[in-house]
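K.L.:
Structure below; questions to follow.
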Amino acid sequence: MALKKTELLVLKRTRIQESSLFLICLSRDYGKLPLVAKSAVRPGSSSAESLQYFAVADVVFYQSEKEAADYISKADLVESFDNIAQNEQKFGYASAALEFANLFLPEHEVNSQVYFNLKKFLRSLNQSEEKDFRREILHFWYLLCIFCGYAPQLGQCVECGGKLAGDRLMLDPERGGLVCARCVGDRLLIGLDRGTVKVLERLAGTDISDNRKVSLTKAQQEQIRQMLTALTEYHIGKRVDLKSFDFLRKLDIMNQDGGIRGEDS
Ligand SMILES: [Zn+2]
């Protein structure tokens, strides 16, 4: 029975049987992993605290001969982001990031850039004094697209390689980038202002913890959200229907008119 060690973050927790947990984790060294933690929710269990959401844990685990998931034999808390669960906004955005990571990553494929970015995102949310984290989640989501190989081509027309003219540019999620006026065709495209494209280029080279150093208007945020939604739906191959998307849509309703409307759309 070979023991393996890694550092990880929990993406999804499900209680199974009396006191055990089935976890989808993002590990630094083995990618996304399904893991079982036996007796982890029993009172006094040392694993309980380290296998919470929004916590970094060092774990030792072993491969199960019969089961699809591996088993955790030891879990130690490395860092916990306790402020997130205390704040509704932080909790919503942090949950969205976990859902995005789970959605984008296949199992057992190591992607340390996504791992370290998710950790940094949670850490900066935990420390932040801001009230709204919409720009942080958009930045995280965009980096996730880049690190998973879905970065849109923004420098030239993705179809003919030609120059892009004008202040209003069109992005085709299927072709994976901006298209020039000649190559537009009759598909449904996402409109992006040239200023938004410049912001995207800056965000691509900016550390998630430096998000607030990039100037980003509300209108640009909305264009980026539409672009990321379209790219995600195209690459994931289905209409995205996540709890976090509902959360982000509700925030849109709240942000329009500057107040909370009575009903959800
Ligand atoms: Zn073209």
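The numbers here are math on the coordinates, done by the rules we state, and not lab data. Computed from a predicted structure; not experimentally measured. In this analysis, Cβ positions are derived from the backbone assuming ideal geometry, glycine residues included, and neighbour counts consider all displayed protein chains.
K.L.:
Give me the Å³ per residue figure for the convex hull around the C-alpha atoms of the chain.
P.N.:
158
K.L.:
State the antiparallel share, in %, of DSSP beta bridges confined to the range 1-155, rounding to the nearest 5.
P.N.:
Around 90 percent antiparallel, to the nearest 5.
K.L.:
What are the lysines whose alpha-carbon lies under 21 Å from the alpha-carbon of residue 38, with same-chain residues fewer than 8 places away excluded?
P.N.:
Cα-Cα hits under 21 Å: 4, 5, 12, 66, 74.
K.L.:
Now, a different point. Which whole-number percentage describes the relative contact order of the range 3-80, with Cα contacts under 8 Å and a sequence gap of 6 or more?
P.N.:
Once normalised by length, the contact order is 30 percent.
K.L.:
Mind listing which trypsin sites (Lys or Arg not before Pro) in the range 151-225 are in a DSSP loop and have 14 or fewer other Cβ atoms within 10 Å?
P.N.:
163, 187
K.L.:
Using just the Cα positions, wrap the range 3-80 in a convex hull and report its mean projected area in square nanometres, one decimal place.
P.N.:
4.6
K.L.:
Have a look at the DSSP beta bridges in the range 3-80 and tell me what percent are antiparallel, nearest 5.
P.N.:
Around 95 percent antiparallel, to the nearest 5.
K.L.:
So how do 136, 99, 201 line up by other beta-carbon neighbours within 10 Å, fewest first?
P.N.:
Neighbour counts put them in this order, fewest first: 201, 99, 136.
K.L.:
Holding the Cα-Cα limit at 26 Å, pick out from 198/218; 163/213; 90/119; 131/213 the pairs that are longer than that.
P.N.:
Listed pairs above 26 Å: 163/213.
K.L.:
Can you tell me, using C-alpha contacts under 8 Å and at least 6 residues apart, the relative contact order of the chain as a whole percent?
P.N.:
13
K.L.:
Taking amide H positions as placed 1.01 Å from N in the peptide plane, with prolines and chain starts having none, which residues 5 or more places from residue 74, or on another chain, fall under 5 Å of its amide H?
P.N.:
Here the answer is 60, since their amide H atoms fall under 5 Å of that of residue 74.
K.L.:
Can you tell me how the range 69-164 classifies by the Cα gyration tensor, rounded, prolate or oblate, using a/c under 1.5 as the rounded cut?
P.N.:
The shape class here is oblate.
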